[in-house]
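Visitor: The structure's right below; bear with me while I get my questions together.
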């Protein structure tokens, strides 16, 4: 069993003991998403795969928050924001700006060495960065930085 799944399971138990209903609901939803993927793929997930699920959940929350705020549903947006904070607890420590810049430069050099340019280079660079900075950096921010460097 992955270390991250153990941490999530422990957090569920703590939330039950503390009678923290909102936290418990968010964590159970996360556990259900992990379990569903394990059943679908018929294997135990690694920490990296669990992190990918958490990132997907965070992305969904961010999109929901934007939609709810645009619709004027501030109470629902606040609830989604609270869930977002809970999910972020299980991501690895965020990468620093220096680490991000170094990873982008390394990925650019690697793709340039292969002779790939233009739009295909963007895809290759993002694939390298996703692997290097999984769970530690916002991919949309990285994408914008890479586009700026490519143009």
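Listed here are the residues, each with its yes/no results for (1) at pLDDT 95 or above; (2) in contact with a helix residue (DSSP H, G or I) (Cβ under 7 Å, 6 or more places away or on another chain); (3) part of a helix (DSSP H, G or I); (4) at negative phi.
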| site | (1), (2), (3), (4) |
| --- | --- |
| 4 | no, yes, yes, yes |
| 31 | yes, yes, yes, yes |
| 43 | no, no, no, yes |
| 48 | no, no, yes, yes |
| 53 | no, yes, yes, yes |
| 58 | no, yes, yes, yes |
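Visitor: Let me ask another. If you go through the range 116-125 one residue at a time, how many are out of contact with any helix residue (DSSP H, G or I) (no Cβ under 6 Å at 6 or more places or on another chain) and either modelled with pLDDT of 85 or more or outside the structural domain of residue 142 (by TED's automatic domain parsing) (or both)?
Guide: Residues in the range 116-125 being out of contact with any helix residue (DSSP H, G or I) (no Cβ under 6 Å at 6 or more places or on another chain) and either modelled with pLDDT of 85 or more or outside the structural domain of residue 142 (by TED's automatic domain parsing) (or both): 2 in total.
Visitor: Also: For residue 111, state whether it is under 21 Å from the mean Cα position of the chain (by Cα) and either free of Cβ contacts under 8 Å to residues at least 24 places away in the same chain or over 20 Å from residue 48 (Cβ atoms) (or both).
Guide: Considered against the rule, which asks whether it is under 21 Å from the mean Cα position of the chain (by Cα) and either free of Cβ contacts under 8 Å to residues at least 24 places away in the same chain or over 20 Å from residue 48 (Cβ atoms) (or both), residue 111 comes out as no.
The values are calculated or read from the model by the stated rules, or taken from the named source; none is laboratory data. If you're wondering where the values come from, they're calculated on a predicted model, not measured in any experiment. We place every Cβ from the backbone using ideal geometry, glycine too, and count neighbours over all the protein chains shown.
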